[in-house]
Every structure is written in structure tokens, then in C-alpha cells.
Amino acid sequence: MMVDFDIISILAGFAVFVIAAAVLRYIRNIRGMYFLFLFIMFLYLLNVAKLTLFPFPLASDAFAPNIRQSLNLIPFINGVGRTDFYNVLLMAPLGFGAPFVLKIRTNKKLLLIAFLSGIVIESLQLGIALVSGGFTFRTIDVNDVIFNFVGTLVGYVLLHVFAKVFLRLVRNRRNGLTAFWAYVFDVCVSLPKFNSKKNGS
């Protein structure tokens, strides 16, 4: 049985989002623009899942186990290639968008998110391979963890650049901004500074 990224997967993802949004609204009384940015992040993560996890066979004997050949724990054993560049691009939106849906009070928290992003993806790929009888279409590679980490940091740095330009354009004034841009303003002014020892930079 082949599990692909089809309408069932999409509907399941939307069901998870609706439940999570309802829980957040009940527990934290969050509403308004936050849910818009949460939905944007959800769509992004859904596409990440599509690109990194699907398709995969589920408990099928049609494929011979290849997990040993698909597992690489030695960094840069084949140098740096196009796939590594794609991994950076894949995770850059996470670094840029995370502060819009999570409270990033210190740069250490973003570093943790960047590290976990690659670990979670590769762990899911490994878990799926084990469930699929040891077969995977993917390469479970430590390089992916490294470049996913780098990509998340690149996105976070780009957000800081955007914040600096944006705040200068609005002259550090929130008054008169629409609800969307007021939310963006709040995120920009709350970003921890890179040169602040207090923020764990």
C-alpha cells in the first residue's frame, strides 16, 4: 500500500489545524491576526511534509529493505551539493515565520527550533522507513540536519533585516497601521537583539 500526499492527507492536516486552533483559542484566548499567521505557517509545514515525507509504502513486501544504504551519519561525505542548497531554502521560511506564531524571547530558543527542525524531519523519515519494513525513498542524512539548521538561521537573519527596514519605514510608530501591519510591527519590535547577552545571543 502506497501512502501519498493526497486529499485524505490534506483533510487530515486541516483537521489537526482546526483542533489545534480551537485549543489555542480556548486555553490562551488568542484570536485575530495570530490565526492568520498560524494558518500561513500551517500551509508551509504541510508543504514541508509533502516534500520530505511522501510518498512511502506502508508495510509492503513489494520493496526490498534499503535503510542501511539510505542512512548517512558522516557529515559532508559527498561534499556539498544541490540538495543541501534546497534544504537551506526549505527551512528559511521557518526561521522567518516562527516568531509570528511563537514567542521567541531569546535567540537560544530560535537555535533550538533550528536544531529540532532537521532532527524531527529525519527522525520521521527513519520511523516511516522502519514501519515500511526497512524501505525508504529518502536518504536519512546528517547533512540534511545541518543544512536545515542553517536554513532556519538564514530565515531568522532575513527577518531581522526585514524588521529593521520595516520599522524604519513606519518610523517606529504603530498608530495608523492596519491590523495586519500592526501585528507585524509587534513581532518586529519584540525580536531579541543579536548583540544582547541578556537574550542569550
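Once you have a ≥ b ≥ c as the square roots of the Cα gyration tensor eigenvalues for the chain, tell me rounded if a/c is under 1.5, and otherwise prolate or oblate according to whether a/b is larger than b/c. Here the chain falls in the oblate category. Each part reduced to its alpha carbon centroid, region 1-46 and region 162-184 end up 27 Å apart. Compared with the dominant principal axis of the Cα atoms in the chain, helix 82-101 is inclined by about 40°. Note on Val145, Val23: ascending count of other Cβ atoms within 10 Å places them as Val23, Val145, the fewest first.
Taking every DSSP helix (H) stretch of at least 4 residues in the chain, weighting each as -39,500 (n - 2.57) and dividing the sum by the residue count yields a mean residue ellipticity at 222 nm of -22000 deg cm²/dmol. For region 65-114, trypsin sites (Lys or Arg not before Pro) are listed when DSSP marks them as loop and at most 11 other Cβ atoms sit within 10 Å of their Cβ; the list is Arg68, Lys103.
Throughout, read-outs are computed from the coordinates displayed, never taken from laboratory work. Small disclaimer: the values here were computed from a predicted structure and weren't measured. Every residue, glycine among them, receives a Cβ derived from its backbone with ideal geometry; neighbour counts consider all protein chains shown.
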